[in-house]
Amino acid sequence: MLKFNNKKMANISAFVFFAAVLAFPSGYSYGSLLFLLTAIFGFNVWRHGNFDKPTIILCLLLIAAGIFWSHSFENIFEMTKSDYWVKYGIAAVCVLAVAKIGIDFSWVAYGIAAGGLGSLGIAAYQYLVLGMNKASGHTNAIQYGDISMYLGVAAWSVALLSKQKWPARLAFAVGGACAVLGSLLSETRGAWVVAPVLVLCLLVWMFQYGQAKLAGIAVVAMVLAVAVMVIPYGEKFTSRANTAVVELQAYAANPVQAAETSIGQRLEQWRLAWALWEQKPLLGWGTQGFAQGKQLRVDQGLAHPSVMDYGHAHNEILDMLAKRGVLGLVMLLLLYGVPLAVFWPTRKRMAQVPWIVRDRLLSLRVAATLLPIAYFGFGWTQVFFVHNSGNMFYLFALVAFWGGVCQLEGKTVLASSSRAV
């Protein structure tokens, strides 16, 4: 009975995490809290677990990143007031727990689809009822739009690769379309740039695993779906794209005058962050020193005063270089690269599981692998890891995916409970 309850709680945690992430204020908190309770109440199940190498590596990465982000870097021994180490530490414990308790595929898959529905629900309400210019959910428009776009492509990955019955695949596809539309309503241009990269990666995996015909159909379906979604707001989207070009040209012609525009502000932040990093390349300026360094350059007339409106550089890599130097960049790349390596759907990994679960495992591994790729892409125009939503979604999406992968690969203590959907 205890084992069944642990598994049930893990399943519900995964579903609630994805379904509520954008639909409710701090929606990511509900699922992550349930994951923590799963780890606590299921302690007797996983505490003596013989964890495999990928689980240990993923766990150690999260612990190391949490400790690393918690240091201010003004003084290497000084902790910031942030709770990074708490979030990352809890996620690390949850990775261990779900690796042995497991999560059933359907709870992850339907959770992602439900997250897409929730995203569109709140976006449509804000856009059509409240008359907001850009949907932002319960966070800011960029965070909301980027996460929603990822959810959309992840849902499409499950729809196209899992080989479920058509009603289920249709549900995943519709959930994905809803998430993409929610992202479009946020007018987040960074998501527009990254989306084709994610779709291209998905199509490559489809070709690699013998689904070329379906990939062709999927391309047509996606193009038509996006066209249907964009056409009613075509003028607005075209205007946003044209504005970006105009602002880019204006900044190139006169950086001082154009620094307060959306694109100009980013370019000014990037230029300043690079200049600050060049002064302290190894360890950077620290979190507080970064603001002081920016103010100093503003006072010297070397940067536009508008750069002080943001506590980050609007670029994940440049922000990390300026605040924590090359050492910080290495940790950031590990935070992208290790999950990428752990989840990558190699032929060897796929061949080690029975054919009956292979397609579901492929879809989960692809969806999970797209997460660090998406974050890397989003990070060029936004600093996700200074926002609570960015950290929490990344951490506990990894937890949910890893629980699903371990269940399908038969690594869990409760694997005998079922591999069925």
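Which of the following residues is free of Cβ contacts under 8 Å to residues at least 60 places away in the same chain and part of a helix (DSSP H, G or I): A92, A64, A97?
A92
Hey, does the range 312-326 have a residue that's in a helix (DSSP H, G or I), surrounded by fewer than 19 Cβ atoms within 10 Å (Cβ to Cβ) and either in contact with a strand residue (DSSP E or B) (Cβ under 9 Å, 6 or more places away or on another chain) or free of Cβ contacts under 8 Å to residues at least 24 places away in the same chain (or both)?
The answer is no, given that none of the residues of the range 312-326 is in a helix (DSSP H, G or I), surrounded by fewer than 19 Cβ atoms within 10 Å (Cβ to Cβ) and either in contact with a strand residue (DSSP E or B) (Cβ under 9 Å, 6 or more places away or on another chain) or free of Cβ contacts under 8 Å to residues at least 24 places away in the same chain (or both).
Does any residue of the range 329-348 turn out to be assigned to a loop (DSSP other than H, G, I, E, B) and touching a helix residue (DSSP H, G or I) at 6+ places or on another chain (Cβ under 8 Å)?
Within the range 329-348 (the criterion being assigned to a loop (DSSP other than H, G, I, E, B) and touching a helix residue (DSSP H, G or I) at 6+ places or on another chain (Cβ under 8 Å)), the answer is yes, since at least one residue qualifies.
Can you tell me which residues in the range 271-292 are polar (S, T, N, Q) and surrounded by 19 or more Cβ atoms within 10 Å (Cβ to Cβ)?
Across the range 271-292, the qualifying residue is only T287.
Using the structure shown, decide if K163 is open to solvent by 20 Å² or more (accessible area, probe 1.4 Å), over 19 Å from the mean Cα position of the chain (by Cα) and under 30 Å from M350 (Cβ atoms).
Yes: the conditions hold for K163.
Is it the case, given these coordinates, that A227 is in contact (Cβ under 8 Å) with a residue 12 or more places away in the chain and among the aliphatic types (A, V, I, L, M)?
When the stated conditions are applied, A227 does not pass them.
Restricting to the range 347-374, name every residue that is over 21 Å from the mean Cα position of the chain (by Cα) and open to solvent by 20 Å² or more (accessible area, probe 1.4 Å).
R347, K348, R349, A351, Q352, P354, W355, I356, R358, D359 - these are the residues of the range 347-374 that are over 21 Å from the mean Cα position of the chain (by Cα) and open to solvent by 20 Å² or more (accessible area, probe 1.4 Å).
Across the range 10-29, what is the number of residues that are over 17 Å from the mean Cα position of the chain (by Cα) and either without any contact (Cβ under 8 Å) to a residue 60 or more places away in the chain or open to solvent by less than 40 Å² (accessible area, probe 1.4 Å) (or both)?
3
Filtering the range 293-311 down to residues that are free of Cβ contacts under 8 Å to residues at least 12 places away in the same chain and more than 11 Å from E268 (Cβ to Cβ), which residue is surrounded by the most Cβ atoms within 10 Å (Cβ to Cβ)?
Ranking the qualifying residues of the range 293-311, first place goes to L296.
Checking the structure you have, find out if any residue of the range 69-85 is among the hydrophobic types (A, V, I, L, M, F, W, C), open to solvent by 10 Å² or more (accessible area, probe 1.4 Å), in a helix (DSSP H, G or I) and under 30 Å from F41 (Cα atoms).
Within the range 69-85, one or more residues are among the hydrophobic types (A, V, I, L, M, F, W, C), open to solvent by 10 Å² or more (accessible area, probe 1.4 Å), in a helix (DSSP H, G or I) and under 30 Å from F41 (Cα atoms).
For A154, indicate whether it is of a type in the set (A, V, I, L, M), closer than 27 Å to V180 by Cβ and assigned to a helix (DSSP H, G or I).
Here the answer is yes, as A154 does meet what is asked.
Count, please, the residues in the range 327-340 that happen to be open to solvent by 30 Å² or more (accessible area, probe 1.4 Å) and over 16 Å from the mean Cα position of the chain (by Cα).
3
Identify, please: which residue in the range 31-54 is open to solvent by less than 50 Å² (accessible area, probe 1.4 Å) and more than 14 Å from A91 (Cβ to Cβ) and is, among those, nearest to the chain's Cα centre (by Cα)?
The qualifying residue nearest to the chain's Cα centre (by Cα) is P54.
Every residue, every condition in (1) touching a helix residue (DSSP H, G or I) at 6+ places or on another chain (Cβ under 9 Å); (2) more than 21 Å from L61 (Cβ to Cβ); (3) crowded, with 24+ Cβ neighbours inside 10 Å; (4) among the β-branched types (V, I, T), yes or no:
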{"position": "I90", "(1), (2), (3), (4)": "yes, no, no, yes"}
{"position": "V93", "(1), (2), (3), (4)": "yes, no, no, yes"}
{"position": "V98", "(1), (2), (3), (4)": "yes, no, yes, yes"}
{"position": "S106", "(1), (2), (3), (4)": "yes, yes, no, no"}
{"position": "A109", "(1), (2), (3), (4)": "yes, yes, yes, no"}
{"position": "I112", "(1), (2), (3), (4)": "yes, yes, yes, yes"}
{"position": "G115", "(1), (2), (3), (4)": "yes, yes, yes, no"}
{"position": "A124", "(1), (2), (3), (4)": "yes, yes, no, no"}
{"position": "Y127", "(1), (2), (3), (4)": "yes, yes, no, no"}
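With the checklist (1) closer than 30 Å to G328 by Cβ; (2) part of a helix (DSSP H, G or I) in hand, flag the one item F51 doesn't pass.
If we test F51 against (1) closer than 30 Å to G328 by Cβ; (2) part of a helix (DSSP H, G or I), just (2) comes out false.
Could you please let me know if A168 is at pLDDT 90 or above, part of a helix (DSSP H, G or I) and surrounded by 23 or more Cβ atoms within 10 Å (Cβ to Cβ)?
No.
Which of the numbered conditions does C178 fail, given that it passes all the others? Conditions: (1) open to solvent by 70 Å² or more (accessible area, probe 1.4 Å); (2) in contact with a helix residue (DSSP H, G or I) (Cβ under 8 Å, 6 or more places away or on another chain).
(1)
The values are calculated or read from the model by the stated rules, or taken from the named source; none is laboratory data. Here the structure is a predicted model, which means the values were calculated and not measured. Cβ atoms come from the backbone with ideal geometry, glycine included; neighbour counts cover every protein chain shown. Just the protein is used for accessible areas: all its heavy atoms, side chains included, with ligands, DNA and RNA removed. Shrake-Rupley method; radii C 1.70, N 1.55, O 1.52, S 1.80 Å.
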